[in-house]
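Trainee: Right, I'll just put the structure down here and ask away after.
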Amino acid sequence: MKAAVVGGTGLAGRHVVDALQARGVDTVVLSRRGGVDVATGAGLDEALSGVQRVVDASNAGTTDEAAARAFFTAAGRHLQQAGERAHVERLVVLSIVGVDRASGGYLATKLDHERTARSGTVPTFVLRSTQFHEFAGQTLAWGRQGDVCWIPEFLVQPVAVAAMARVLADLVLAMDPRPGVSEVAGPQQEKLVDMATRLAARRGDPVEVRGAPDDSADGRAFAGGALLPDPGATITGPTFQEWLDAGERDRFE
Ligand SMILES: NC(=O)c1ccc[n+]([C@@H]2O[C@H](COP(=O)([O-])OP(=O)(O)OC[C@H]3O[C@@H](n4cnc5c(N)ncnc54)[C@H](OP(=O)(O)O)[C@@H]3O)[C@@H](O)[C@H]2O)c1
């Protein structure tokens, strides 16, 4: 079995590569650094030669809605088309829980990503993940203004990225995968503001964490549970607190 992980050098992709290799899969990493560009399709035909399973864990590198949509739809289209030419058996797309409940922004573009990737002959499976535990650190970096850090008032059910990657690897290899869209989440609901506050304290970062009020429809929805998984989601991995106590690691890492 040979698999390719697009974005296999990224936060999520690295762990997907590890999880597939731990299951004995010959795994290749596709990224621009390695000469493959899913936005243009450059290098894809050569890279997918002999590959049976493809994971798309790439990212747009921007939260600008138009630019992210252009990236994700191009990536989905190019992977389907090149996958068909290479007789790929299965495409697995990493997405985000709640994409179907966002009216706009980056999150909504991931729904376009899913739809484009699924529009073709290569059987395509979507794994929607909740926010990674690592998201708390990302928001701490993004929201900083001097001594204060403004964090979105999201209600989330975060998952350790390594634990998510093991579930994704199982989907890549499953004999009889659940069709369409499935979800993965961590074991416990959290307020993103609390996560960022505890992470900053644990790191000895004196920044003052404050909730960023957002009275838009999406802001209210994300604060009210639109990012939480459906009841059928796979629940896995350590809680955010366990991950924090283990030094920002999953105990299997
Ligand atoms: N962060 C979260 O909490 C979260 C939760 C659920 C789902 N997700 C989803 O998980 C996916 C991966 O996110 P991430 O945070 O792991 O991303 P990331 O760390 O930014 O990594 C992005 C990866 O994509 C590659 N890439 C970017 N542009 C490319 C292109 N044109 N062609 C080929 N490869 C390209 C990058 O490598 P090069 O730069 O070398 O090309 C890198 O390997 C995203 O779709 C995101 O929406 C994230």
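Values in this text are rule-based calculations from the coordinates and carry no lab data. Note that the structure is a prediction, hence the values are computed from the model and not measured. Virtual Cβ from ideal backbone geometry, glycine too; neighbours counted across all protein chains shown.
Trainee: Within 10 Å of each candidate Cβ there may be at most 13 other Cβ atoms; applying that plus a DSSP loop requirement, which trypsin sites (Lys or Arg not before Pro) in segment 149-253 survive?
Mentor: In loop regions of segment 149-253 (DSSP not H, G, I, E or B), the sparsely surrounded trypsin sites (Lys or Arg not before Pro) are Arg251.
Trainee: To continue, here is another question. Run the numbers on segment 93-219 and let me know its relative contact order in percent, using alpha-carbon pairs under 8 Å that are six or more apart.
Mentor: The normalised contact order for segment 93-219 reaches 30 percent.
Trainee: Once fully extended, how much extra length lies between Glu248 and Asp215, figured as 0.36 nm per residue of separation less the alpha-carbon to alpha-carbon distance?
Mentor: Separation in residues times 0.36 nm, less the Cα-Cα distance, equals 8.7 nm.
Trainee: So what J values fall out for segment 54-71 if you push phi through Karplus, 6.51 cos²θ - 1.76 cosθ + 1.60 with θ = phi - 60°, rounded to Hz, Gly and Pro as x?
Mentor: Ordered by residue, 3J(HN,Hα) equals 10, 10, 9, 10, 7, 9, 6, x, 7, 9, 5, 4, 5, 5, 5, 4, 4, 5 Hz.
Trainee: Ser119 to Glu208: FRET efficiency via 1/(1 + (r/R0)^6), r the Cβ-Cβ distance, R0 35 Å, to the nearest 0.05?
Mentor: 0.15
Trainee: Hey, another quick one. How big is the dipole moment of segment 2-245 about its Cα centre under a simple scheme where the beta carbon of each Lys and Arg is +1, that of each Asp and Glu is -1, and everything else is neutral? Debye, nearest 20, please.
Mentor: I would put it at about 380 debye.
Trainee: Only Cα pairs under 8 Å and at least 6 apart count here; give the relative contact order of segment 2-245 as a rounded whole percent.
Mentor: With pairs under 8 Å counted, the relative contact order is 19 percent.
Trainee: Over all Cα pairs of the chain, how is the pair count split among 5 Å bins, expressed in % and running from 0 up to the last occupied bin?
Mentor: Here the calculated profile for the chain is 1, 6, 13, 17, 19, 17, 12, 8, 4, 1, 0.
Trainee: Between Val148, Val88, Gly120, whose Cα lies farthest towards the positive end of the dipole of segment 74-224 when Lys and Arg beta carbons carry +1 and Asp and Glu beta carbons carry -1, centred on the Cα centre?
Mentor: Farthest along the dipole direction, towards plus: Val88.
Trainee: Using helices alone, what [θ] at 222 nm do you get for the chain, with -39,500 (n - 2.57) per DSSP H run of 4 or more residues, divided over all residues and rounded to the nearest 500?
Mentor: -11500 deg cm²/dmol, from helical runs alone.
Trainee: Using a Gaussian network model on the chain with a 10 Å cutoff between Cα atoms, which of Glu190, Glu46, Glu65 fluctuates the most?
Mentor: Ranking Glu190, Glu46, Glu65 by mean-square fluctuation puts Glu46 first.
Trainee: Right, another one. Place +1 on the Cβ of every Lys and Arg and -1 on the Cβ of every Asp and Glu in segment 2-245, take the dipole about the Cα centre, and give the residue among Leu11, Ala174, Phe222 whose Cα lies farthest towards its positive end.
Mentor: Ala174
Trainee: In debye, nearest 20: dipole of segment 166-215 around its Cα centre with unit charges on the Cβ of K, R (+) and D, E (-)?
Mentor: Dipole about the Cα centre, nearest 20: 240 debye.
Trainee: Taking the Cα centre of segment 99-200 as the origin, how large is its charge dipole in debye, to the nearest 20, when only Lys and Arg (+1) and Asp and Glu (-1) carry charge on their Cβ atoms?
Mentor: 120 debye
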